[in-house]
Amino acid sequence: MAVGVLALQGSFNEHMAALRRLGVTGVEVRKPSQLESIEALIIPGGESTTMAKLAHYHNLFPALRDFVSLGKPVWGTCAGLIFLANKATGQKLGGQELIGGLDCTVHRNFFGSQIQSFETELVVPKLAEQEGGSDTCRGVFIRAPAILKAGPDVEVLADYAVPLDKLRSVVSDAEAEEAIADSQGKVIVAVRQGNILGTAFHPELTSDIRWHSYFLKMRKASDETSLECLDLSNQNSCYHLGRRTFDLPIFE
Ligand code: GLN
């Protein structure tokens, strides 16, 4: 199975490394035609405005939208999440082009600028239920967005508590009332809607490969053989964990 990683800008290399650690070949995607030969796509973190300009330059948007609407698994991390959202707020004047598909409103740079980047433990029961291991994961937030509003078909996989005054200070007046009323003191930082997975943080920068494993299992259930391969508890698993000494991730 070929899994593509959009390789225009940002942390695509780290995603490629995480896939390698799971014994899966990643394909760096830069052209629309490459999307035809992959079964799933990861859109990395980086800078969504830059990525959008490059995607536009390479005429990737129509093919990316087709890929999402065909029901193929797509995972956006951080800037990639912004890319997949139906609506982004906190944008520069004039906005930016999005792929869309994920019924969410995502606020860019919700947690602040580079120096407000942080790491935290996130409670992720649904990830642990499927992938095993701890019911928390390390969330690396780098100029990260937050999801302020999610539609009825969106499953929340992780959220993060924020003080209400923080919410008020970040979102604009018009958005504030609704967002604050709905938030219950939390913002959403990981979601799934059918074939779309979105995380506001960067699992590819940690040694925890469970998000990548979770994503790979989102491929069509018809591919039984591959799914067996992805069962970490299966002794005959075709993962090659431990085969490589780690080059990445950055954080151990
Ligand atoms: N702040 C970036 C953006 O809006 C996202 C940061 C990231 O991907 N780590 O595009």
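One line per residue, one yes/no per condition, for (1) modelled with pLDDT of 90 or more; (2) within 22 Å of F12 (Cβ to Cβ):
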position	(1), (2)
F110	yes, no
S169	no, no
I180	no, no
T206	yes, yes
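Taking segment 21-37 on its own, how many of its residues are touching a residue at least 40 places away in the same chain (Cβ under 8 Å) and either assigned to a loop (DSSP other than H, G, I, E, B) or touching a helix residue (DSSP H, G or I) at 6+ places or on another chain (Cβ under 6 Å) (or both)?
Counting residues in segment 21-37 that are touching a residue at least 40 places away in the same chain (Cβ under 8 Å) and either assigned to a loop (DSSP other than H, G, I, E, B) or touching a helix residue (DSSP H, G or I) at 6+ places or on another chain (Cβ under 6 Å) (or both) gives 3.
Can you list the strands (runs of 3 or more DSSP E) lying wholly within segment 95-158 that have 2 or more residues being more than 16 Å from the ligand (Cβ to nearest atom)?
Hits in segment 95-158: 118-123, 136-141, 146-150.
So that you can scan it fast, the table gives a plain yes or no per residue for (1) in contact with a strand residue (DSSP E or B) (Cβ under 8 Å, 6 or more places away or on another chain); (2) surrounded by 13 or more Cβ atoms within 10 Å (Cβ to Cβ); (3) more than 25 Å from K217 (Cα to Cα):
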| site | (1), (2), (3) |
| --- | --- |
| L102 | yes, yes, no |
| A158 | yes, yes, no |
| V162 | yes, yes, yes |
| A174 | no, no, yes |
| A179 | yes, yes, yes |
| V189 | yes, yes, no |
| G198 | yes, yes, no |
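Within segment 38-59, does at least one residue satisfy the condition of being assigned to a helix (DSSP H, G or I), more than 12 Å from the ligand (Cβ to nearest atom) and under 16 Å from V154 (Cα atoms)?
Within segment 38-59 (the criterion being assigned to a helix (DSSP H, G or I), more than 12 Å from the ligand (Cβ to nearest atom) and under 16 Å from V154 (Cα atoms)), the answer is no, since none of the residues qualifies.
Which residues, counting only those in segment 1-20, are of a type in the set (A, V, I, L, M, F, W, C) and either modelled with pLDDT under 95 or outside any strand (DSSP E or B) (or both)?
M1, A2, A7, L8, F12, M16, A17, A18, L19
What are the residue pairs meeting all of these: first residue in segment 40-63, first residue at pLDDT below 95, second residue more than 8 Å from the ligand (Cβ to nearest atom) and among the basic types (K, R), Cβ atoms under 8 Å, and 6 or more apart or on different chains?
Matching pairs, first to second residue: T49/K92.
The values are calculated or read from the model by the stated rules, or taken from the named source; none is laboratory data. Remember, it's a predicted structure, so these values are computed and weren't measured experimentally. All Cβ positions, even for glycine, are placed from backbone atoms using ideal geometry, and neighbour counts span all protein chains on display.
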